Amino acid sequence: EAFQAFGTLRQTFFFDGDISALAGGLSVLMRRVALHRFGREKTAGLNGRLWTDFLKQTGADLSEQNEQLLAFQAYAPSSFEQNRVGGKDLLRCVQRWLERNL
């Protein structure tokens, strides 16, 4: 189910290039997986830097750019080309994290 949701987010991003929607959707997906895998007590209250630190501790190879995308992209506009490059890198990172944790 998680990989199907990931595929849908990926396909939508390649169609519309909306990195804000991608980052938001991937963060929600990762949170759902984290809740299932690590429990509500460890994950429910995490946000911002605490959330991205948790993701790194559980196997996410987040670059600084990926951390920014997951934590703040929904609130910050960027150019279309930045969206494509950053989105592709974020997708690779999240896919590896999902594979490690599912």
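Applying the condition of being out of contact with any helix residue (DSSP H, G or I) (no Cβ under 9 Å at 6 or more places or on another chain) and open to solvent by less than 60 Å² (accessible area, probe 1.4 Å) to the stretch 1-52 and asking which residue is farthest from VAL94 (Cα to Cα) yields GLY39. Restricting the stretch 53-63 to residues that are surrounded by 16 or more Cβ atoms within 10 Å (Cβ to Cβ) and not in a loop (DSSP other than H, G, I, E, B) leaves a set whose member that is nearest to the chain's Cα centre (by Cα) is LEU55.
Does LEU90 fit the bill of being touching a helix residue (DSSP H, G or I) at 6+ places or on another chain (Cβ under 6 Å), under 17 Å from GLY25 (Cβ atoms) and modelled with pLDDT under 90? First the steps, then the outcome.
Numbers: touching a helix residue (DSSP H, G or I) at 6+ places or on another chain (Cβ under 6 Å): yes; under 17 Å from GLY25 (Cβ atoms): yes; modelled with pLDDT under 90: no.
Against the criterion (touching a helix residue (DSSP H, G or I) at 6+ places or on another chain (Cβ under 6 Å), under 17 Å from GLY25 (Cβ atoms) and modelled with pLDDT under 90), LEU90 does not qualify.
Checking the stretch 65-83 against the condition returns no match, with no residue being farther than 19 Å from GLU1 by Cβ, at pLDDT 90 or above and surrounded by fewer than 17 Cβ atoms within 10 Å (Cβ to Cβ). Only helices (runs of 4 or more DSSP H) whose full extent lies in the stretch 1-52 are considered here, and the ones with at least 1 residues that are modelled with pLDDT of 95 or more and of a type in the set (A, V, I, L, M, F, W, C) are 2-16, 19-38.
For the stretch 36-47, the set of residues classified as within 21 Å of PHE3 (Cα to Cα) and touching a Lys or Arg at 6+ places or on another chain (Cβ under 9 Å) consists of THR43 only.
The values are calculated or read from the model by the stated rules, or taken from the named source; none is laboratory data. All values reported here derive from a predicted model rather than from experimental measurement. Using ideal geometry, Cβ is built from the backbone for each residue, glycine included, and neighbour counts are taken over all protein chains shown. Accessible surface is based on the protein model in full, side chains and every heavy atom, while ligands, DNA and RNA are left aside. Shrake-Rupley method; radii C 1.70, N 1.55, O 1.52, S 1.80 Å.
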